[in-house]
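Notes follow the structure.
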Amino acid sequence: MKTFLIFLLISIVRGYDDDFDPIQFVAAAKDDPQEFNFTLSSGIATYDPYKLTQNVIDVQSEVDSLMSEIEDYLKHFDNATGPELVQIKSLADVLQKAQIDLAVVNDRISRVQGRFDNITTTIGGFTSQLRCYQHSGCNVPPSTTTLPPAPSYDCNSSSTNQVVTAANQIGQFRVPSRQHFGECNLTLTAQPSNGLYFNLNITNFAAYGSGSSLTIIPYGSGNSYNITGDQQINGINTQIVDIVPVGDLKFVIDYIALGVCDNYDCGGGNCTSEQGNKPTCNCGNCYTLDDQGKCTIHKPDACLSVTACSMYENGTCISTTYDCSYYCQCPGVPANCTTKKYCYPGDTTCPDDFRLTGFWNRIHV
């Protein structure tokens with residue numbers, strides 16, 4: 001219908017004539033494709049309209065996707081909920097606190113600086129006054145004083161020579177104030193000569209003058225101790241200790257005598273003091289000395305090397321634990337006999353001392 005109207009309009013414009021039949025024209029147009037022939041401008045390129053429409057749709061899709069990403073970024077960097085903003089706010093809080101702390105520190109430094117300036121000013125004033133006093137007549141330097149002569153030590157005092165007789169005995173040489181010593185030695189002696197040693201503790205020591213000295217000499221040891229101040233000297237194991245004071249001195253010497261064998265473990269033996277006042281171990285019958293001089297080596301079973309119990313009779317060797325020796329239990333001999341050292345046919349005696357018996361003498365001569 002629209003086509004018919006268009007052609008009707010064209011026929012009116014062209015003018016109606018007897019040769020033009022619009023109905024025939026329309027009928028002919030219905031059967032054959034109709035084209036409008038016109039020429040596009042040279043600046044416009046031809047393009048498939050369907051493909052162009054698809055391209056437009058694709059571009060629209062890209063634009064929509066880009067807008068979606070832009071919205072996500074806007075949400076991410078939102079000034080109220082973005083994670084970076086939270087971190088920045090936290091950092092800002094830390095910096096603010098640090099700024100406050102720094103202000104407090106600066107304030108304290110300023111106060112310390114003020115105090116230091118005040119002290120410096122005060123010291124400067126004292127220094128000026130001291131300099132003034134130094135060069136004025138009111139400053140009189142102290143005069144050099146000389147000590148009066150020291151009283152002489154009483155060499156006949158009962159405390160000059162002291163003797164100890166037992167372990168854990170204590171004593172003291174006491175000179176609490178300055179006294180003068182000439183040729184007057186002090187001595188510390190142990191009685192008996194062996195079994196004791198000394199520990200000394202020197203306190204309150206002072207020597208007045210370059211010629212004054214105190215020397216401690218363990219007699220016979222070859223050693224000596226020159227005392228220059230308070231000190232401890234342990235393990236002096238000589239019988240006599242000489243204390244040699246010279247000049248003006250004061251001192252206190254405390255001593256204790258200890259037993260050489262105190263807390264000295266000999267193992268299976270007893271400790272005694274011998275030459276040189278050293279601990280020495282005497283082993284019991286069941287032990288012998290090791291390379292350290294202590295009784296730690298147990299003797300073997302005596303019956304391992306004894307044949308006298310069974311050589312002539314069917315006797316039994318018995319080891320003794322108290323002295324690591326042995327005795328024989330022989331046929332016919334009372335069981336409580338512990339002195340028999342051999343078994344012999346017909347001999348049922350129990351000797352008091354087996355070495356006095358005739359058989360023992362016969363087999364050992």
What distance in nm separates the two pseudo spin-label positions at Asp230 and Gln129, each 7 Å out from Cα along the beta-carbon direction? 3.7 nm
Full-extension gain in nm, Val59 to Asp72, via 0.36 nm per residue minus C-alpha separation: 2.7 nm
Summing +1 for each Lys or Arg and -1 for each Asp or Glu, what net charge is found among the other residues whose Cβ lies under 15 Å from the Cβ of Asn194? -1
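Provide the FRET efficiency to the nearest 0.05 for the Thr321-Asn194 pair, computing r from the beta carbons and using R0 = 30 Å. Don't skip to the end; give the middle numbers.
Working: r = 32 Å, r/R0 = 1.07.
Efficiency, rounded to the nearest 0.05: 0.40.
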For the stretch 237-255 and the stretch 275-292, write down the distance between their C-alpha centroids in whole Å. 34 Å
Straight distance only, please: which lysines reach the Cα of Lys278 with their own Cα at less than 28 Å, same-chain residues fewer than 8 apart left out? Lys294, Lys299
Can you give me the pair-distance distribution of the stretch 161-259, C-alpha pairs, 10 Å bins, whole percents? 16, 51, 27, 5
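Each value in this text was obtained by applying a stated rule to the coordinates, not by laboratory testing. Model, not experiment: these values are computed from the prediction. Glycine also receives a Cβ, built like all others from the backbone with ideal geometry; neighbour counts cover every protein chain displayed.
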